[in-house]
Amino acid sequence: MMQAIRLAALLAVLALAGMLGWRVYQDHHAPREPLPALTLAPLAGQAAFDPADIDGAYLLNVWGSWCAPCRIEHPVLMALRAEGYAIYGINWRDHPDDANAFLAELGNPYAGVMQDVNGASAQALAISGAPETLVISADGEILTRWPGPLTADVLRNRIYPALDRGARR
């Protein structure tokens, strides 16, 4: 019985490692897709941005004050900003007062933050939920995306390599 449990655990670990390896392989070999046109409005009281005016590779983070995983990932975004990475936010399905209260409470990691107008940008980006983070190259291509909260493993295996690729273009 104990051997069967160990074998099942080993197979689960190997399957997880295989899936992660496949995702990393796909990232390096997947065709790049251009950043679509976004329908954004300024979030009152916050710095605005236009994706066409951003120089260099950057992170585009879709979030909402109502989103529990967004709260969990927020310290990671704050650390990335402290490291000097450019992060831009799209506030999704939120009321401006709630979004601003969220940023006032937890800190603002964004160089600029805008609101998605009627969900049009989330639809154009094929966002299925929040948070979702995209790495955008200097020439406006989506290099990778991560649906869900950012973690140390995600940064190491997906985000940092994509930012490095985006900076080299």
Which pairs do you get when a residue that is touching a residue at least 40 places away in the same chain (Cβ under 8 Å), found in region 142-169, comes within reach of a residue that is assigned to a helix (DSSP H, G or I) and small (Gly, Ala, Ser), reach meaning Cβ atoms under 7 angstrom, with the pair 6+ apart or on two chains?
-> LEU143/ALA162; LEU143/GLY166; THR144/ALA162
Has region 144-160 got any residue that is in a loop (DSSP other than H, G, I, E, B) and more than 25 Å from ASN100 (Cα to Cα)?
-> no
Could you check how many residues of region 111-131 are closer than 13 Å to LEU59 by Cα and either crowded, with 23+ Cβ neighbours inside 10 Å or of a type in the set (Lys, Arg) (or both)?
-> 2
Being assigned to a strand (DSSP E or B), among the small types (Gly, Ala, Ser) and free of Cβ contacts under 8 Å to residues at least 60 places away in the same chain is the filter here, so list the residues in region 85-117 that pass it.
-> GLY89
Got at least one residue in region 138-151 being within 18 Å of ILE72 (Cα to Cα), among the acidic types (Asp, Glu) and surrounded by fewer than 23 Cβ atoms within 10 Å (Cβ to Cβ)?
-> no
Answer from TYR85, TYR110 - the residue that is out of contact with any Gly (no Cβ under 8 Å at 6 or more places or on another chain) and among the hydroxyl-bearing types (Ser, Thr, Tyr) | TYR85
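Coordinate-derived values only; no laboratory data. Being a predicted model, the structure only gives us computed values, none of them experimental. Virtual Cβ from ideal backbone geometry, glycine too; neighbours counted across all protein chains shown.
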